[in-house]
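Worksheet: the structure to be examined is printed underneath.
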Amino acid sequence: MSNRPFEEHNIIGDKRSFVFHDLSRESEECAIDEIVEAEAIQLFGPDEPSEARNRGYKAHGACSSGAQEAGAA
Ligand SMILES: [Zn+2]
């Protein structure tokens, strides 16, 4: 990907909405670049959905593991 400051992270939070994204399942709806431009990125350590939830973030529907069952290819 392009100039992202979080190459080693998959779990990316949006500080404005308290929603987190899983970049391994990133979709267009995630608009990650827009979060970067707004400088609203939150990284987590460990880089896991459970840690994001512990911090009060909610999974983004389009890229959460739950979306897998909801179906796509
Ligand atoms: Zn997302």
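The values are calculated or read from the model by the stated rules, or taken from the named source; none is laboratory data. What you see is a predicted model; the values in this text were computed from it and never measured. Methodologically, a virtual Cβ is constructed for each residue, glycine included, from the backbone with ideal geometry; neighbour enumeration extends over all protein chains shown.
Please work out which residue is farthest from Asp14 (Cα to Cα), limiting yourself to the stretch 52-63 and to residues that are within 12 Å of the chain's Cα centre (by Cα) and not in a loop (DSSP other than H, G, I, E, B). Talk me through it step by step, then tell me what you get.
As a first pass, look at the stretch 52-63 and keep what is within 12 Å of the chain's Cα centre (by Cα): 52-53, 57-63.
Now restrict to residues that are not in a loop (DSSP other than H, G, I, E, B): 52-53, 58-59.
Values: Ala52: 11, Arg53: 13, Lys58: 10, Ala59: 11 Å.
For the stretch 52-63, the residue satisfying everything is Arg53.
Are there any pairs, at least 6 apart or on different chains, whose C-beta atoms fall under 6 Å, with the first in the stretch 47-73 and within 10 Å of His21 (Cβ to Cβ) and the second aromatic (Phe, Trp, Tyr) and modelled with pLDDT of 95 or more, and if so, which?
Sorted first by the residue in the stretch 47-73, then by its partner, the pairs are Ala52/Phe20; Ala52/Phe44; Tyr57/Phe18; Tyr57/Phe20.
Are any residues in the stretch 2-21 more than 10 Å from the ligand (Cβ to nearest atom), at pLDDT 95 or above and under 13 Å from Glu34 (Cα atoms), and if so, which ones?
Within the stretch 2-21, Gly13, Lys15, Arg16, Ser17 meet the criteria.
Go through the stretch 1-22 and count every residue that is assigned to a loop (DSSP other than H, G, I, E, B), in contact (Cβ under 8 Å) with a residue 12 or more places away in the chain and among the charged types (D, E, K, R).
Matching residues across the stretch 1-22 total 4.
Taking into account only those residues within the stretch 26-42 that are in a helix (DSSP H, G or I), of a type in the set (A, V, I, L, M) and near the ligand (Cβ under 10 Å from one of its atoms), which is farthest from Arg16 (Cα to Cα)? Break it down stepwise before answering.
So in the stretch 26-42, the residues in a helix (DSSP H, G or I) come out as 28-30, 32-37.
From what is left, the residues that are of a type in the set (A, V, I, L, M) are 32, 35-36.
With the extra rule that they be near the ligand (Cβ under 10 Å from one of its atoms), the set shrinks to 32, 35.
Numbers: Ile32: 13, Ile35: 9 Å.
The selected residue is Ile32.
Return the pairs, sorted by first residue and then second, in which the second residue is within 8 Å of the ligand (Cβ to nearest atom), the first residue lies in the stretch 23-36 and is basic (Lys, Arg), the beta carbons are less than 9 Å apart, and the residues are 6+ apart or on different chains.
The qualifying pairs are Arg25/Ala62; Arg25/Cys63; Arg25/Ser64.
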